[in-house]
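Take a look at the structure below.
The values are calculated or read from the model by the stated rules, or taken from the named source; none is laboratory data. A quick note: this is a predicted structure, and the numbers were derived from the prediction, not measured. Please note: Cβ atoms are built from the backbone with ideal geometry, for glycine as well, and neighbour counts cover all protein chains shown. Calculation scope for accessible area: heavy atoms of the full protein, side chains included, ligands and nucleic acids excluded. Shrake-Rupley method; radii C 1.70, N 1.55, O 1.52, S 1.80 Å.
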Amino acid sequence: MFVTMNRLFVNPEFHAAFEENFRHRAGAVDGMPGFVRNQVLRPAQEGQPYVVVTTWESREHFEGWVNSDAFRQGHARSGSLPREAFSAPSSLETFEVLLDTQG
């Protein structure tokens, strides 16, 4: 399994609009080969980033998504919030799953 975590620092006055964008996302990733799931984590404390987690069967599946037309089209919509909605640049982290206790 391969997991990505994108940390997005959203200014508090834009939280509602940011969350609404994800509720009405294009969903193109859902049908991609190797896609397992997508989670959007809301920060529990002020000043922490939102974290968008995607889980894939493999790194190759994730790279297939990133290099797809569906990725470009889906992320074109993500520019609907103004630059001032974000307090810092996003940060993408990637991981190979070492242990998973879920059946």
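Descriptive notes on the structure:
- FRET E, pair MET1, ARG25, Förster distance 30 Å, beta-carbon r, rounded to 0.05: 0.85
- Rounded to whole Hz, the Karplus (6.51, -1.76, 1.60) HN-Hα couplings of the stretch 12-26, x for glycine and proline: x, 5, 10, 4, 4, 5, 4, 5, 4, 4, 6, 5, 10, 5, 5
- Computed about its Cα centre, the charge dipole of the stretch 48-97 is approximately 280 debye, with only Lys, Arg, Asp and Glu carrying charge at their Cβ.
- What a 1.4 Å probe finds exposed on the stretch 35-103 is 49% carbon and sulfur by accessible area, rounded to a whole percent.
- For the chain, a crude dipole built from +1 on the beta carbon of Lys and Arg and -1 on the beta carbon of Asp and Glu, taken about the Cα centre, is about 200 debye to the nearest 20.
- Considering only HIS24, HIS61, HIS75, the mean-square fluctuation computed in a Gaussian network model of the chain, springs between alpha carbons under 10 angstrom, is largest for HIS24.
- Once the Cα-Cα distance is subtracted from the 0.36 nm per residue extended length, the SER68 to GLU84 segment shows a gain of 2.9 nm.
- Solvent-accessible heavy-atom area per residue, rounded to whole Å², over the chain at 1.4 Å: 67 Å²
- Lys/Arg +1, Asp/Glu -1 at C-beta; the chain dipole; positive extreme among GLN102, GLY27, ALA44: GLY27
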